[in-house]
Amino acid sequence: MVEVAGLTRFYGDFSALSDVSFGIAEGEIVGLLGLNGAGKSTTLKILAGTLTPSRGSVTIAGVDARANPEALRSRIGYLPEEPPLYRDMTVTAYLRHAGRLKGMPAARVESRIPEVVRLADLEGREEQVIGTLSHGYKKRVGIAQAIIHDPKLVILDEPISGLDPAQIVEMRRVIRGLATGRAVILSSHILGEISQTCDRIVVIHDGKLVAQGTEAELHQGGSHKLVVTTRGEPERLTSWLEAHSLVTGVRRLDAEEGLASAVVSMTTDERERLIADLVGAGFAIRLVEDPEDELEEIFLALTKQEAT
Amino acid sequence: MTALTIARRDLAAYLHGYSAYIIIAAILFLQGLMFNAWVLGASSARYSHEVLEQFFYLDGGFAMAAAILLTMRSIAEERANGTEVLLRTSTASDGQIVLGKWLAAMAMIAILTALTIYMPALIMVNGKVALAHVVVGYVGVLCLAGATTAIGVLGSAMFRFQLAAGIFSTVLTITLVVMWILSEITDPPFADLASYMAIWNMHFTPFQEGRLTLSSLVYYSTVTTAFLYLATRILEARRWE
């Protein structure tokens, strides 16, 4: 559905994006992950057609961005971090305007508005003036304008920024619903959000693509981690783990009185054997779990590798 | 046509907001004041067509001022509010965006111009003027305003801030107005060139006098097209920023 090949972008002599290539299949939600200034927004702006790449190509549903930019724009829907809303318009009037701007015939716009109102969960707000809507609803109107013309690719820049927890849950549901029949790419600085919403992750660091794949695939590229909590002295647990042949790293965690807890890193996924060895060594295991910040660990490892 | 969609939205924004009303009211007030004091209040006796010429002289100037005040917000405000993204990710070409902005401002100028009709009517009541003179004079005012609106759209495309856009457009317009002074102090062929480039003197005077000349129509069409083209190029260039 979407092919990005060798995307490069210079701002003067500064290379904001260097030879980035990835693809997005129909029905797939891809998360763009990177630190501030990594090149996420530049990538999204190029995909949206508001910025021209210095080199490389973007093809969406067979249409090349350079050869036919206006046709390409009819195939994309873009929600920037701050939704492009006219505060004086009602939701319906705004969506009608957005549809006409995307080149839709008037009759098609009218029949499409109820569909996107439902998809973006805006029922009951159709005649409300946009300026009076809450931040969460404004984001939804932004999403509705991005999909009014039934695009092949939906681009969402930080779609959950500024939303409260209840709105985040709703937005996650809305985004999941968008992927039917189209590709979705979103950027977020909230790693947990990427992890929960996206099928695949593209990691960009210093303008370069450093990794891409599912969370599990990215995990395999790095170390395997687990959190072990046992009864007993923390020192005993950490020194035993450090001496174990499978273990490449141990990080002690704070635990309740009488308990010891640590994050354990291994190059191969042999968690069952490690736990069996712990039991064999006389440790009373209280809890074994995945680290909460697993994606964060992967991300930091990837960006650190790239930097060194 | 997408340009009309953009124009319709902009026109609605002008009509629903208060700034356009303030601009139009202020211009009508000042123009009415000057019309009474300067055009109708002259001490010497004059023919009605001379009074009408003076009215169009005034009306042309005020239409230019209105064009700059109305257009300084057009693209600059979209940029400042972040709504420009909606236009730039639409299927509208940059040329259509510029054309839509120009059409909306011109619709407002047309409303303003229509509201000045009572002034020639007053001259007609107190004297005798040819209707054709009135029509041609208004065509001239709209041509002049069209060119100035194009300059205003260019300024608005260049700057994020309305004030900067307004200052740029004002300076560029005044430069084009005073070109005729340059023509008087330079030698040919520069004098001829400066005289031809002047936005007012050589090209607007025939309209003021009720004469419809093809060369003036061509001049205003060319100036309008050239500045709209430049504004389009500015928007295109921003995709490379």
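Residues checked against (1) over 30 Å from A:Ile143 (Cβ atoms); (2) open to solvent by less than 20 Å² (accessible area, probe 1.4 Å); (3) part of a helix (DSSP H, G or I); (4) not hydroxyl-bearing (Ser, Thr, Tyr):
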residue: B:Ala37; (1), (2), (3), (4): yes, no, yes, yes
residue: B:Ala65; (1), (2), (3), (4): yes, no, yes, yes
residue: B:Ala80; (1), (2), (3), (4): no, no, yes, yes
residue: B:Ala92; (1), (2), (3), (4): no, yes, no, yes
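Exactly one condition in (1) at pLDDT 95 or above; (2) within 12 Å of chain A (Cβ to nearest Cβ) is not met by B:Ala92; state its number.
(1)
Here is a yes/no grid of residues against (1) touching a residue at least 12 places away in the same chain (Cβ under 8 Å); (2) closer than 20 Å to A:Ile175 by Cβ; (3) more than 14 Å from every other protein chain (Cβ to nearest Cβ); (4) open to solvent by less than 20 Å² (accessible area, probe 1.4 Å):
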| site | (1), (2), (3), (4) |
| --- | --- |
| A:Phe22 | yes, yes, yes, yes |
| A:Ile29 | yes, yes, yes, yes |
| A:Leu33 | yes, yes, yes, yes |
| A:Lys45 | no, yes, no, no |
| A:Pro53 | yes, no, no, yes |
| A:Val58 | yes, no, no, yes |
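In the list A:Thr197, A:Thr180, A:Thr132, which residue meets the criterion of being surrounded by fewer than 18 Cβ atoms within 10 Å (Cβ to Cβ) and touching a Gly at 6+ places or on another chain (Cβ under 8 Å)? Can you show your working first?
On the way: A:Thr197 fails: surrounded by fewer than 18 Cβ atoms within 10 Å (Cβ to Cβ); A:Thr132 fails: touching a Gly at 6+ places or on another chain (Cβ under 8 Å).
It is A:Thr180.
Residue under question is A:Val141, and the condition is that it be within 19 Å of B:Glu84 (Cβ to Cβ), assigned to a helix (DSSP H, G or I) and within 14 Å of another protein chain (Cβ to nearest Cβ); does it hold?
yes
Considering only residues that are over 30 Å from A:Glu270 (Cβ atoms), polar (S, T, N, Q) and touching a Ser or Thr at 6+ places or on another chain (Cβ under 9 Å), which ones fall in region A:172-224?
Answer for region A:172-224, where residues must be over 30 Å from A:Glu270 (Cβ atoms), polar (S, T, N, Q) and touching a Ser or Thr at 6+ places or on another chain (Cβ under 9 Å): A:Ser187, A:Ser188, A:Thr197.
Among the residues of region B:193-241, which ones are assigned to a loop (DSSP other than H, G, I, E, B), away from every other protein chain (no Cβ under 14 Å) and open to solvent by 20 Å² or more (accessible area, probe 1.4 Å)? If you could, list the steps in order and put the result at the bottom.
Keep residues of region B:193-241 that are assigned to a loop (DSSP other than H, G, I, E, B), which gives B:198-200, B:209-213, B:239-241.
So of that shortlist, the ones also away from every other protein chain (no Cβ under 14 Å) come out as B:198-200, B:209-213.
Scanning region B:193-241 gives B:Trp200, B:Glu209, B:Gly210, B:Arg211, B:Leu212, B:Thr213.
Among the residues of region A:266-286, which ones are out of contact with any helix residue (DSSP H, G or I) (no Cβ under 9 Å at 6 or more places or on another chain) and closer than 13 Å to A:Lys225 by Cα?
Of everything in region A:266-286, those that are out of contact with any helix residue (DSSP H, G or I) (no Cβ under 9 Å at 6 or more places or on another chain) and closer than 13 Å to A:Lys225 by Cα turn out to be A:Thr267, A:Thr268, A:Glu270, A:Arg271, A:Glu272, A:Ile275.
For the subset of region A:64-105 comprising residues that are within 7 Å of chain B (Cβ to nearest Cβ) and of a type in the set (Lys, Arg), which member is most open to solvent (accessible area, probe 1.4 Å)?
Checked region A:64-105; the qualifying residue most open to solvent (accessible area, probe 1.4 Å) is A:Arg100.
The values are calculated or read from the model by the stated rules, or taken from the named source; none is laboratory data. It should be emphasised that the depicted structure is a prediction, and the values quoted were computed from it without experimental measurement. Every residue, glycine among them, receives a Cβ derived from its backbone with ideal geometry; neighbour counts consider all protein chains shown. We work out accessible area using only protein heavy atoms, side chains counted, and drop any ligands, DNA or RNA first. Shrake-Rupley method; radii C 1.70, N 1.55, O 1.52, S 1.80 Å.
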